[in-house]
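Take a look at the structure below.
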Amino acid sequence: MADERLIVALDFHHFDDVKNLVDTLDDSVNFYKVGMELFYSVGTDVVDWLKALDKKIFLDLKLCDIPNTTANGLCSLMNLGADILNIHAAGGYTMMKTAADKLREESARRGIAKPKLIAVTVLTSVNQSDWEGLGYSQLEISAQVVRFAKLAKSAGVDGVVASPNEAKLIRENCGEDFLIVTPGVRPVGSAVNDQSRIATPSSAIQNGANYLVVGRPITKAENPKLAAQKILEEINGL
Ligand code: C5P
């Protein structure tokens, strides 16, 4: 069984690219992230296809709307059978609580496993100047991330998406059972791309991340399987 702490981001427009990569990575990867780019191009077929291969799925559509719309949107997505769904913590406590309660009630009513619900704190691409541009400069980014994480926890959300640099603080503040999913993971020597608050796979795990979301360092690698294996070796060697 592949180490499910590694989630590979399938950021593609075309189904054929997904098929090629999943085929190439084979048994070395068992968990995939389907985000906006792929879902808006290919639709639900890609989720069905991954499920038929027994792969786990993080459906990263980052819902953020009024409580009723977000909760009902999540219930529609729950039909697809993804293992993790997400919302933006910036939607506020009431939105997160309505969403978490509704997913719990609906999954119990339907007799199906409840997907984990996680909240995006502050995007890992946001840097200090973006942060100040948003008018939030009174608070450090990391302090805002912790604030969002605690709010998400109090609303009954299962965990958060955050930068690996903030994982330690979140773990300290939200306890062992709270899920921490970290994008912005960059092995030594790989391109940073548009990410800002990044760390290596091993430091992300050492800081308390449960899952690493890795896209371009694997999908754009000359040898994606080798790139994935190196990350797995790095985290297994801890
Ligand atoms: O290619 P890269 O490794 O940067 O991909 C990271 C993935 O994680 C992307 O699919 C991006 O949408 C997602 N993500 C992120 N930061 C967040 C939430 C999700 O980078 N806060």
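The values are calculated or read from the model by the stated rules, or taken from the named source; none is laboratory data. Since the structure is predicted, the reported quantities are computational estimates derived from the model, not experimental observations. FYI the Cβ positions are ideal-geometry reconstructions off the backbone, even for glycines, and counts take in every protein chain you see. The area values use the complete protein model at the heavy-atom level, side chains included, leaving out ligands, DNA and RNA. Shrake-Rupley method; radii C 1.70, N 1.55, O 1.52, S 1.80 Å.
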*Would you grab the residues whose amide H sits under 5 Å from the one on L63? Only those 5+ places off in sequence or on another chain, please, with H modelled 1.01 Å from N.*
N86, I87, H88
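Which value, in debye to the nearest 20, gives the size of the charge dipole of the range 12-121 about its Cα centre, when Lys and Arg are +1 and Asp and Glu are -1 at the Cβ?
About 600 debye.
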_Overall Cα dimensions of the chain - principal axes, largest extent first, Å_ = 44, 42, 32
*asked:* Run through the range 54-143 and list the GluC sites (Glu not before Pro) located in a DSSP loop whose Cβ has at most 13 other Cβ atoms within 10 Å.
replied: E140
*Which residues in the range 24-47 have a backbone N closer than 16 Å to a point placed 7 Å from the Cα of D83 along the Cα-to-Cβ line?*
26-35, 47
*asked:* Accessible area of the chain with a 1.4 Å probe: how many percent of it is carbon plus sulfur?
replied: 48 percent
*Charge dipole (the range 6-235, unit charges on Cβ, about Cα centre) - positive-most of G208, M96, L6*: M96
*Excluding residues fewer than 8 places away in the same chain, name every one of the lysines whose C-alpha is closer than 24 Å to that of K153.*
K33, K56, K62, K97, K102, K114, K116, K168
*On average, how much accessible surface per residue is there in the chain, in Å², for a 1.4 Å probe, leaving out ligands, DNA and RNA?*
46 Å²
*Do any GluC sites (Glu not before Pro) in the range 149-238 lie in a loop, going by DSSP, with at most 14 other beta-carbon atoms within 10 Å of their beta carbon, and if so which?*
E176, E222
*Beyond 24 Å, what share of the Cα-Cα pairs of the range 2-91 remains, rounded to the nearest whole percent?*
19 percent
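Where nothing but the Cβ of Lys and Arg (+1) and of Asp and Glu (-1) is charged, how large is the charge dipole of the chain around its Cα centre, in debye to the nearest 20? Working shown, then result.
Numbers: 25 positive and 30 negative charges, 117 e Å.
Once rounded to the nearest 20, the dipole reads 560 debye.
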